[in-house]
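> Dropping the structure in here first, questions after.
Bear in mind that the values in this text are calculations on the coordinates, not laboratory data. Remember, it's a predicted structure, so these values are computed and weren't measured experimentally. Note: ideal-geometry Cβ built from the backbone for every residue, glycine included; neighbour counts use all protein chains shown.
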Amino acid sequence: MPYDAAGINKGGITMKGLGCLAVLLFLSFGASAQTSAPAADPKPAEEAKPAEEPKPAEAQPAEAAPAAGGATTIDAKKPISMIDYAQFEDVSKIADNVATDCGSLGRQFADATEKAGRASGLTFNMSATADPRKAEQGLVLKIVSAVSARNFSGGHKKTVTARAEVYLGGKMVRTTTVTRESMGGAFANLKGSCSVLERTVTTLGSDVIKWVKQGAR
């Protein structure tokens, strides 16, 4: 392009003016690029989590009050609570003929135990409504098994196993299992099966009292 002596082209624009124009265009394009760039999306605020409520503590069952001084034997000077009937612990372990025909076996066992205890200087509060497991002193009787059989000569062969539990202050502190067998004694062939079984639990009652009195205070 032809320039005159003053450095002005025929269109009237100087070289210096062209340079300034180029700088202005460059700056304008950069500002436009920055303006058109999309702004980064702000991160959504995390949703506040509700505070967890503390779980209530599980209630623990209260333990039965222990016997005074941690005793494990009865006080012979105090009465012993006892139900007037010894129940079958598990009827499936009782011979069918015994469970059906010898309904008084449990009462005979309880009566024999009380009688042996009184003869040994103990006292009992025995009734159908007694609760020996919660008494200051209690005795629980159970018939574990009972078998009514005959031997090869036709005589009796009876076996009874019983369990006794001593409770002090509402807590079981001692237990024992005792077994007795009987062939009926004299004139056994003249006695019925239930009669021989009652004879057997009578002996068990004495066995239980001997055990109860061991270490009695």
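> Amide H neighbours of D84 under 5 Å, at least 5 residues apart or on other chains, H built in the peptide plane: list them.
The list, which skips near neighbours in sequence, is S127, A128, A130.
> Have a look at the DSSP beta bridges in segment 71-212 and tell me what percent are antiparallel, nearest 5.
Here the antiparallel bridges make up roughly 75 percent for segment 71-212.
> Can you find, among G106, A116, S92, the residue sitting farthest towards the positive end of the charge dipole of segment 71-212, where Lys and Arg contribute +1 and Asp and Glu -1 at Cβ?
A116
> Dipole size in debye (nearest 20) for segment 84-179 around its Cα centre, Lys and Arg Cβ +1, Asp and Glu Cβ -1?
260 debye
> Here is the link list: K158/K213; K115/K158; K115/K157; K77/K157; K77/K158; K157/K210. Which ones come out longer than 32 Å on Cα distance?
The answer is K77/K157; K77/K158.
> Can you sort V196, V178, V160 by how many other beta carbons sit within 10 Å, fewest first?
V178, V196, V160
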